[in-house]
Amino acid sequence: MTDSNNTEIPYGRKNPFPATVLEVQVLNGRDSIKETCHIELSLEGSGMEYVPGDVAGVLCENVEEVVEDFLSATGLDGDAVMENGVSLRDSLKTEWDITTMNPAFLKKYALLANNADLNAMLEEGDKDKISNWLWGREKRDAFLEFKPETPLSQEQVLGLLRKLAPRLYSIASSLKAHPEQVHLTVVAVEYETGGRPRMGVCSTYLCQRIAKGDKVRVFMHHNKNFNLPEDGDVPIIMVGPGTGIAPFRAFVEERVALGQKGRNWLFFGDQHLNCDFLYQLEWQKYLKSGALEKMHCAWSRDQDYKIYVQDKIRENAAEIWEWLQAGAHFYVCGDANRMAKDVHQALIDIHAEQGGMSPEDAEAAVKALQKAKRYQRDVY
Ligand code: FAD
């Protein structure tokens, strides 16, 4: 690809690289309700590089049935040819976000649709009611549940849409261990609302619709706030339940490849030991070789009560405190809504209890740890 001056644009966000799929492997066992996939892509010939802690941007495509549903809900003609010679059907598949719902879309749609019920809901301004309606709904639902007064034209509908945005995934590999490759750990987002199954666009594209030999368009994105310590002797504590494990696979691979001697401690969690232990054999190998000094796992649904990584962290408070006193860096990756907040509170409590601090001083100490870049988070 070249720019307006005919200069070659390097592969990156503006010019994603068509990476060949080398592997797609389901990491969960048969009994799991989750589908988490390990995906290997070739970066050969791209010139793209990354370091552990970086993320990969992936461009994805809508599922054909979802495109057909959208065409049928809007009444548009999928065979219509666009200015660039592509059919509307193909354009909706590869270029446009036809699913993600948000308040801005609903407001813009209301102006064109002039539907009495929708206007009443928006005029009433009850934020809870509006967000309850939005939750789990897709754009097509607006067309079906709040029919427009007169059918919208293709131009009007496309004017309501945004371009399909790339999704970000934490990189699960070290280039030193896997030259010219990038690995990802992706959980398929699937749920049901209004009696209809829904699929996350990119996660199901990666887990269910690509196979070895296919091309996936990717770019690398540097994450300056989530990096291994420069000094390879510094101990690290990693907390990564679910797909939060991804960057820590990269961290340990990198430290092993560089022969670094810093101690590594991993906290992992998921639903069940027998079917949700992501990369189990690799961790066992690292524990045996000593590359991983410690690993604690929280299996939330293997007993009557829930156990999460934050519980395991609290159980190990004294030793975590010792590691921190020895200069350890503390990393958290994964769910931002609950896990990261609970782990944050556990870290404050460890400072209070083990360090004999007041709650205020403990909070300030954790803030200082963050400022010193010894407590880093990659949460989403
Ligand atoms: P979309 O089509 O974007 O749909 C997701 C939307 O569906 C949600 O925003 C929500 O509105 C809705 N939704 C989801 N679940 C439900 C439900 N139960 N009920 C109702 N509505 C629901 N993901 C990984 O799997 N692995 C990673 O390593 C990873 N790393 C990330 C790193 C960063 C820095 C960031 C920002 C995100 C990361 N993600 C990761 C998340 C990833 O980018 C995508 O957001 C995720 O895969 C979902 O994208 P999608 O296109 O499949 O879903």
Taking segment 118-150 and the residues there that are touching a Ser or Thr at 6+ places or on another chain (Cβ under 8 Å) and in a loop (DSSP other than H, G, I, E, B), the one that is surrounded by the fewest Cβ atoms within 10 Å (Cβ to Cβ) would be Trp135
So is Tyr169 over 21 Å from Ala250 (Cβ atoms), aromatic (Phe, Trp, Tyr) and either in contact with a Ser or Thr (Cβ under 6 Å, 6 or more places away or on another chain) or within 11 Å of the ligand (Cβ to nearest atom) (or both) or not? no
Within segment 180-277, considering only strands (runs of 3 or more DSSP E) that don't extend past its boundaries, which have at least 3 residues that are under 28 Å from Pro18 (Cβ atoms), modelled with pLDDT of 95 or more and of a type outside the set (A, V, I, L, M, F, W, C)? 181-187, 215-221
For segment 234-253, enumerate the residues that are more than 13 Å from the ligand (Cβ to nearest atom) and out of contact with any Lys or Arg (no Cβ under 6 Å at 6 or more places or on another chain). Val234, Ile236, Ile237, Met238, Val239, Phe251, Val252, Glu253
Pick out the one residue from Val24, Val51, Val66 that is part of a strand (DSSP E or B), touching a residue at least 40 places away in the same chain (Cβ under 8 Å) and at negative phi. Val24
Look through segment 175-193, keep the residues that are more than 6 Å from the ligand (Cβ to nearest atom) and aliphatic (A, V, I, L, M), and return whichever of them is farthest from the chain's Cα centre (by Cα). Ala177
In segment 55-65, anything touching a strand residue (DSSP E or B) at 6+ places or on another chain (Cβ under 8 Å) and more than 10 Å from the ligand (Cβ to nearest atom) is listed as Leu59, Val63
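The values are calculated or read from the model by the stated rules, or taken from the named source; none is laboratory data. Not measured: the values here are computed from a predicted model. Cβ atoms come from the backbone with ideal geometry, glycine included; neighbour counts cover every protein chain shown.
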